[in-house]
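The values are calculated or read from the model by the stated rules, or taken from the named source; none is laboratory data. A quick note: this is a predicted structure, and the numbers were derived from the prediction, not measured. Here the Cβ positions follow ideal geometry from the backbone for every residue, glycine too, while neighbour counts run over all protein chains shown. Surface areas here come from the heavy atoms of the whole protein model, side chains and all, with no ligands, DNA or RNA. Shrake-Rupley method; radii C 1.70, N 1.55, O 1.52, S 1.80 Å.
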Amino acid sequence: MERVYNFSPGPGMLPEEVLAQVREEIPNWRGSGMSVMEMSHRSEPFQSILDQTEADLRDILNVPQDYRVLFLQGGGNLQFAMVPLNLLGRKRVADYANTGYWSARAIDDARQFCRVNIAASSEDTGFTSAPTQAQWRLDPRAAYVHYVSNDTAAGVEFHWIPPSGDVPLVADMSSNILSCPIDVKRFGLIYACAQKNLGIAGLTIVIIRDDLLGRALPITPRMLNYKLHVDKGSMYNTPPTFAIYVAGLVLQWLKNSGGLRAMEERHIAMSSIVYDFLDSSTLFDNSVQKSDRSRINVPFTLRKRSLEEPFVHFMEERGVVYLRGNLGLGFRASMYNAMPIEGPRRLVEAMREFENKYG
Ligand SMILES: *Cc1c(COP(=O)(O)O)cnc(C)c1O
């Protein structure tokens, strides 16, 4: 069967090279006589996989020496609670940017533990823009500043790093990590689930600066304590071994594909193909402010709602799948790192054909 172009918001596509290598190594990982799935997480072969994966991630993202890298579980969602539990310390307030679906979830969980100051919001534009730099109102008593660098649902991306003063900046980069170079030093903590740009579901990456460790609230369950995971080298319990292995292969692929600069160029190219078409279309619309458009997730609507069902069917017949937006919000084309440039080309070609036929 031919492979399709998967525009799902997550999990995303994997590079074909990675799939081929997984297939080859499944029965017998490099002469170990077993698959990674069967391997003890305490074995030497698995430790080498974990070490290499961490080394490659540090290398690609240029992670400074005073930051730890953790391989955790629970998805982006568990970080919404782990961040306040671990970073509040003696403080009782945290700053949050309210920029859409995911930030709302993060705010809801933080409210279980502290007062949330909405330091910036794009609610007034219906989450179709990022708050401007001048709009931020930080609380001087805040323990940290939290924002979502790319709202996967709204298709709004920060193309700059928000101000946080002397307070640690925390970023949910679940949908745009590894899509462009970032200056890790500007952040106190970065987290991202793996199934969009870094492999498969089950793994969450946390990058945390040393000085933020060891201030977890006394009520923090052990599994939710960053310090414990650092002390145990992400091996307090059984880590998601297979997902770490796949992430390692994806990172190797990313290095061989030219690193983050090359990824950034590809994301600019891929998203431009789709935005250029949408901006010239008479049938499809994107309402996100141009300066804040995501290079990863492109939401769009059909001006004739009665055409939605036929559109989905039309696209599927052409190997373009999972375009439906969530919560009845029209459509969305998500293009993670492993999406080939032929994906958006095929997408736009098919949309143009549909427009000519029904528009
Ligand atoms: C996908 C996503 C999440 C949630 O990740 P899960 O692994 O499903 O918990 C969180 N934040 C953002 C920005 C996302 O895109």
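Odds and ends about this structure:
- Across the stretch 46-74, the qualifying residues are those that are touching a strand residue (DSSP E or B) at 6+ places or on another chain (Cβ under 9 Å) and open to solvent by 20 Å² or more (accessible area, probe 1.4 Å), and the one among them that is nearest to the ligand (Cβ to nearest atom) is Gly74.
- Tally, over the stretch 313-333, of residues that are modelled with pLDDT under 95 and not in a loop (DSSP other than H, G, I, E, B): 1
- Yes/no for Ile268 being crowded, with 17+ Cβ neighbours inside 10 Å and either in contact with a helix residue (DSSP H, G or I) (Cβ under 8 Å, 6 or more places away or on another chain) or of a type in the set (Val, Ile, Thr) (or both): no
- Whenever a residue of the stretch 312-336 is closer than 15 Å to Lys357 by Cβ, its partners that are open to solvent by 20 Å² or more (accessible area, probe 1.4 Å) and at pLDDT below 95, lying with C-beta atoms within less than 7 angstrom and at least six residues away or across chains, give the pairs Val312/Arg324.
- Of the listed requirements (1) free of Cβ contacts under 8 Å to residues at least 24 places away in the same chain; (2) over 24 Å from Asp56 (Cβ atoms); (3) more than 16 Å from the ligand (Cβ to nearest atom), Thr282 misses just one: (1).
- Residues that are out of contact with any Lys or Arg (no Cβ under 9 Å at 6 or more places or on another chain) and under 12 Å from Met335 (Cα atoms), drawn from the stretch 269-294: Ala269, Val274, Ser294
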